[in-house]
1. Computed FRET efficiency, Cβ-Cβ of R120 and E26, R0 30 Å: what is it to the nearest 0.05?
2. How far, in nm, would the chain grow between E14 and K55 when pulled straight, counting 0.36 nm per residue and subtracting the alpha carbon separation?
3. For the peptides 77-83, 110-116, what is the packing order when you average, over each peptide's residues, the other Cβ atoms within 10 Å and list the highest mean first?
4. Given (i) 2, 9, 15, 15, 13, 11, 11, 11, 8, 5, 1; (ii) 2, 11, 21, 25, 22, 13, 5, 2, 0; (iii) 2, 10, 15, 14, 12, 10, 9, 7, 6, 5, 4, 3, 2, 1, 0, which label gives P(r) over Cα pairs in 5 Å bins from 0, in percent as computed from the coordinates?
5. For T84 and Q2, what is the calculated FRET efficiency with R₀ set at 41 Å and r taken between the beta-carbons, to the nearest 0.05?
6. When we measure straight from the Cα of K100, which lysines land under 23 angstrom away, once same-chain ones fewer than 8 places off are left out?
7. Counting helices only, and only those DSSP H runs with n ≥ 4, report the 222 nm mean residue ellipticity of the chain as the sum of -39,500 (n - 2.57) divided by its residues, in deg cm²/dmol to the nearest 500.
8. Taking the Cα centre of the chain as the origin, how large is its charge dipole in debye, to the nearest 20, when only Lys and Arg (+1) and Asp and Glu (-1) carry charge on their Cβ atoms?
Amino acid sequence: MQTAPLIYFSSRSENSHRFVQKLNLEATRISEDETLLATQPFVLLCPTYGGGGAKGAVPKAVIQFLNIPENRQLIRGVIASGNTNFGTAYGLAGDIIAQKCHIPFMYRFELLGTQEDVKRVKTGLSTFWSSLTDQCAMR
């Protein structure tokens, strides 16, 4: 299976899934039941778990996905959702992934996101992929 340049995880709440649907972009979903191998560079969209602490902030399925060296080699950025009720831990999964994978934390949004979040993410992803393409062309 060819993966998309946007890979995401969504729990049973489906909040991340509904946000990705609003983006209307090609995307591949991480499953808790199957191993996913990225086939091209991607940006990861990930919800934040745990209710405010670093322990458990990154969903286990995402940890398992990123523990595969080939997947870590292809990640280029992360977008995280969260709940502002978590205070400073809002979107913490993105901070953790960005730090561990040495990639940019591109954007954070709350729960289902707003139309403004959708617009910003679509524009940001387009700009991001264009800039990476331009960098590769200059080499």
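1. Values: r = 19 Å, r/R0 = 0.62.
Step by step, r from the Cβ atoms, then E = 0.95.
2. 12.6 nm
3. Details: 77-83: 24.3, 110-116: 14.6.
Sorting 77-83, 110-116 by mean packing, highest first, produces 77-83, 110-116.
4. Recomputing P(r) over Cα pairs in 5 Å bins from 0, in percent here picks out (ii).
5. Taking R0 as 41 Å, the efficiency between T84 and Q2 is 0.70.
6. Answer for K100, where 23 Å is the Cα cut-off: K55, K60, listed by chain and number.
7. -12500 deg cm²/dmol
8. 180
Readers should treat all values here as calculations from the given coordinates under stated rules, not as data from a laboratory. Just so you know, these numbers come straight off a predicted model, no measurement behind them. Don't worry about glycine lacking a Cβ; one is built from the backbone with ideal geometry, like all the others, and counts go over all protein chains shown.
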